[in-house]
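This report refers to the structure that appears directly beneath it.
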Amino acid sequence: MSDLLRLDATALALIGHDVAVIPDAAMADPTPCDGWTITDLLHHMNERHEAIARTELPPFEADGDPRDDFARIAARCLAVLERAGETVLLPWLGQVPTELVLGVHAVDMLVHRWDLARALGTAPAVPPRLTEIALPLARANTAPGSPLNAPGGVYA
């Protein structure tokens, strides 16, 4: 398992734990993502994970509660990323280098974990090693001139 795959799997496990314990009463609470509730954030993550999984696996039938679906959909996504060769198909971008996808996805999961924590008023711990790896990736991903900021890029 590559370092980036391990990072991504760890980030998914951390946010997966947080998602599993979201109280019913908090699902409509706002997040730092403009106009998004916790439910919206979970649907966003589930939709992106399922889009990746569906490139190689049959469609997943969601049961309606995005908390219940998160772990299964995230596991499907991770399984596709684990089996990917040099590139992985992102339906909204085409073939993308797998290492880039893993790095961006891991950082996104950590950021969305922060979004969720802010919405819930919690302060989850992040393992120092995870921060050491993710912070330089986040800086590179969002730096001026990064192809991720170009038209059609993830952050455009």
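Derivation of every value follows stated rules applied to the coordinates shown; laboratory data play no part. Bear in mind that the values here come from a model prediction, so they are computed numbers and not experimental data. FYI the Cβ positions are ideal-geometry reconstructions off the backbone, even for glycines, and counts take in every protein chain you see.
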Among Ile52, Ile133, Ile15, the residue with the largest mean-square fluctuation in a Gaussian network model of the chain built from Cα contacts under 10 Å is Ile133
Counting each DSSP H run of 4 or more residues in the chain as -39500 (n - 2.57), what helix-only mean residue ellipticity at 222 nm follows after dividing by all residues, to the nearest 500 deg cm²/dmol? -19500 deg cm²/dmol
Along Cα→Cβ, 7 Å out, is where each label goes; now give me the distance between the ones at Glu99 and Glu82 in nm to one decimal. 2.2 nm
For Trp36, other-chain or 5+-apart residues with amide H closer than 5 Å (H placed, Pro excluded) are Thr31
So what is the orientation-averaged projected area of the stretch 1-126, using the convex hull of its C-alpha atoms, in nm²? 7.5 nm²
Tally Lys/Arg at +1 and Asp/Glu at -1 over every other residue whose Cβ is under 12 Å from the Cβ of Ala9; what's the total? -2
Just need log10 I(q)/I(0) for the stretch 5-60 at q = 0.22 Å⁻¹, Debye formula, equal scatterers on the alpha-carbon atoms, no solvent, rounded to two decimals. -1.00
Could you derive backbone 3J(HN,Hα) for the stretch 6-15 from the dihedral phi with the Karplus parameters 6.51, -1.76 and 1.60 (θ = phi - 60°), listing whole Hz in sequence and x where the residue is Gly or Pro? 4, 4, 5, 4, 5, 4, 5, 5, 5, 5
Given the options Val107, Val19, Val126, state which has the largest fluctuation in a GNM of the chain using a 10 Å cut-off (strictly under) for Cα springs. Val126
Could you list which residues have their amide H under 5 Å from that of Leu90, counting only those 5 or more apart in sequence or on another chain, with H placed in the peptide plane? Gln95, Val96
